[in-house]
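Bear in mind these aren't lab numbers, they're just calculated from the coordinates by the rules spelled out. The shown structure was predicted, so the numbers you read here are calculated from the model rather than taken from an experiment. Note that we place each Cβ from the backbone using ideal geometry, even for glycine, and neighbour counts take in every protein chain shown.
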Amino acid sequence: MAETQPAQWSVQADRFVAARPETLWRVITDLEGMAEHLPGIIALERLSDDGPGAYRPGTRWRETRRVFGQQATEEMEVVVAEPHRRTEILAVNRGVRYETGFRLDPAGNGPAPQATQLRFFFTARPDAAAVPAGSGLGARLRRAAGRALERASAPLGAAATRRQMVQELEHIGRRAEHLAAGGA
């Protein structure tokens, strides 16, 4: 009998930000300042040795945040970085692959729009690479990861994830708008 894998689930949120994509990019890639500007982040430690301020594929960090009343720590890695356009970040934990990203689309009129449509997306799916195929233990771990993902993907969980994403977009947007207005 073939084992079925649970489907992935995705959530996204959007926000119009009165700041250019370059300004927003500075905010979402500022790992050293992230804990100061996003209240959900308790601590952030850069793991890659690419230097302060660096943000490119391969940049890694450990992020501890409060999620749904619980403290959670994840190791994150940049897998896509197209400055001023988009970034994608990967974390794998307990057999689940978490993909997070931002897309920045210039918004407004004229050749140099002064605003950005910011999209924040999140996808969770079982990570087949985390478990050896064909092993008894592997099959049990895949099923356990699938059950964990199914529980996390319940409608209330997805709605709560989206609410948290909207809150983070608000903080990111306010920070970028503050910088765009000449703030430090």
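Tabulated data
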{"quantity": "Calculated P(r) of the stretch 14-81 - Cα pairs past 19 Å, %", "calculated": "39 percent"}
{"quantity": "R0 of 30 Å, Cβ-Cβ distance residue 12-residue 109: FRET efficiency to nearest 0.05", "calculated": "0.75"}
{"quantity": "Neighbourhood charge, 12 Å Cβ-Cβ cut-off, centred on residue 47 and excluding it, Lys, Arg +1 and Asp, Glu -1", "calculated": "-4"}
{"quantity": "Proximal charge balance of residue 76 [Cβ under 9 Å; K/R count +1, D/E count -1]", "calculated": "-2"}
{"quantity": "Residue-span extension gain [residue 117 to residue 73] - 0.36 nm each, minus C-alpha spacing", "calculated": "12.9 nm"}
{"quantity": "Contact order normalised by residue count of the stretch 73-129, Cα under 8 Å, 6+ apart, percent", "calculated": "27 percent"}
{"quantity": "Sum of side-chain charges, residue 179 neighbourhood, beta-carbon under 12 Å (Lys, Arg +1; Asp, Glu -1)", "calculated": "+1"}
{"quantity": "FRET efficiency estimate (nearest 0.05) - Cβ-Cβ, residue 82 to residue 49, R0 30 angstrom", "calculated": "0.85"}
